[in-house]
Amino acid sequence: MPGFLVGHATHPDWRAALALAGAQIEARRAAHEQGGAGPLTLGFAYFTDHYAPHAQALLGELRLRWPGVAWVGSVGVGVCASGVEYIDEPALALMLCPLRADCFETFSGVSPLALAFTTR
């Protein structure tokens, strides 16, 4: 199983938190690429309800920063990452991994699962 690149941060402004978490990920990216793990293809974005009104903008920024990465995630009253818990404060945690594109599929009401994955 390929390793995840992880970044997390808290800040009143979601853009600043994303910049801080993104810097953590990018700091590890060179070693990841030298290790031959392959391109980053799947990302997980977990953020607290403080950022929920900005979810669409946050997703748009994630797609700009890491093109070609499919994103999934959730919103809650807290997120945990690397030995820290952010409870009832504005925070986010990001995880990116290099899974082969044929190993996963994301879906939503707009983009349902492909027929190959549905029950018969």
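The values are calculated or read from the model by the stated rules, or taken from the named source; none is laboratory data. A quick note: this is a predicted structure, and the numbers were derived from the prediction, not measured. Heads up, the Cβs are rebuilt from the backbone with ideal geometry, glycines too, and the neighbour counts pull from every protein chain shown.
Filtering the range 54-87 down to residues that are among the small types (Gly, Ala, Ser) and under 22 Å from Asp102 (Cα atoms), which residue is nearest to the chain's Cα centre (by Cα)?
Step one: filter the range 54-87 for residues among the small types (Gly, Ala, Ser), giving 55, 57, 60, 68, 70, 73-74, 76, 78, 81-83.
Those still in the list that are under 22 Å from Asp102 (Cα atoms) too: 68, 70, 73.
Details: Gly68: 12, Ala70: 9, Gly73: 7 Å.
Restricting to residues being among the small types (Gly, Ala, Ser) and under 22 Å from Asp102 (Cα atoms), the top hit is Gly73.
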Count of residues meeting criterion [among the aliphatic types (A, V, I, L, M), in contact (Cβ under 8 Å) with a residue 40 or more places away in the chain and assigned to a helix (DSSP H, G or I)] in the range 60-97: 1
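Residues checked against (1) at pLDDT 95 or above; (2) surrounded by fewer than 15 Cβ atoms within 10 Å (Cβ to Cβ); (3) within 28 Å of Ala101 (Cβ to Cβ):
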{"residue": "Thr10", "(1), (2), (3)": "yes, no, no"}
{"residue": "Leu18", "(1), (2), (3)": "yes, no, yes"}
{"residue": "Ala30", "(1), (2), (3)": "no, yes, yes"}
{"residue": "Gly36", "(1), (2), (3)": "no, yes, yes"}
{"residue": "Ala52", "(1), (2), (3)": "yes, yes, no"}
Complete set of residues in the range 40-50 that are outside any strand (DSSP E or B) and closer than 14 Å to Cys97 by Cα: Leu40, Thr41
Count of residues meeting criterion [over 15 Å from Glu89 (Cα atoms) and either in a helix (DSSP H, G or I) or in contact with a helix residue (DSSP H, G or I) (Cβ under 8 Å, 6 or more places away or on another chain) (or both)] in the range 16-39: 16
Selected residue (only one of Leu64, Leu59, Leu96 is among the hydrophobic types (A, V, I, L, M, F, W, C), out of contact with any Asp or Glu (no Cβ under 6 Å at 6 or more places or on another chain), modelled with pLDDT of 95 or more and surrounded by fewer than 13 Cβ atoms within 10 Å (Cβ to Cβ)): Leu64
